[in-house]
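The values are calculated or read from the model by the stated rules, or taken from the named source; none is laboratory data. It should be emphasised that the depicted structure is a prediction, and the values quoted were computed from it without experimental measurement. Here the Cβ is made from the backbone with ideal geometry for all residues, glycine too, and neighbour counts use every protein chain on show. We work out accessible area using only protein heavy atoms, side chains counted, and drop any ligands, DNA or RNA first. Shrake-Rupley method; radii C 1.70, N 1.55, O 1.52, S 1.80 Å.
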Amino acid sequence: DMLDPERLIQCPLVKHHRIRARRFPYHLVKCKESNPEIAKLLATCPFNARHLVPQANLSDHIMKCNDKAFVEQDVVSRCCEPPQEQLNNGGTWQAPPCAEDWET
């Protein structure tokens, strides 16, 4: 959590685990390895890998996930903005010098 890295978060795999936000991603990896049977029952949110929800609730979570807005905003901005090389080049293209003299 960027707002409070010291905030305690409850582990979705083992409910009595409470982890500091800054360590939460590392804990999830280790806890999944330590609890493979529980991990099989959970699905990972496509918008935030820190969100583990029961597989049956994944579609409902996707509809309500707060992180979906960030991903959608990023996709829209990438689709609507011209590529960076177009911005850099703009209309400043010039033909290379030519040694030919068409008048002669």
**Message:** Please pick out the residue among A69, A56, A49 that is open to solvent by less than 80 Å² (accessible area, probe 1.4 Å) and either assigned to a loop (DSSP other than H, G, I, E, B) or modelled with pLDDT of 95 or more (or both).
**Reply:** A49
**Close pairs from the stretch 18-36: first farther than 19 Å from P5 by Cα, partner at pLDDT 95 or above and assigned to a helix (DSSP H, G or I), Cβ under 6 Å, at least 6 apart** = K32/A39
**Prompt:** How many residues does the stretch 15-44 hold that are under 21 Å from H61 (Cα atoms) and surrounded by 14 or more Cβ atoms within 10 Å (Cβ to Cβ)?
**Reply:** 9
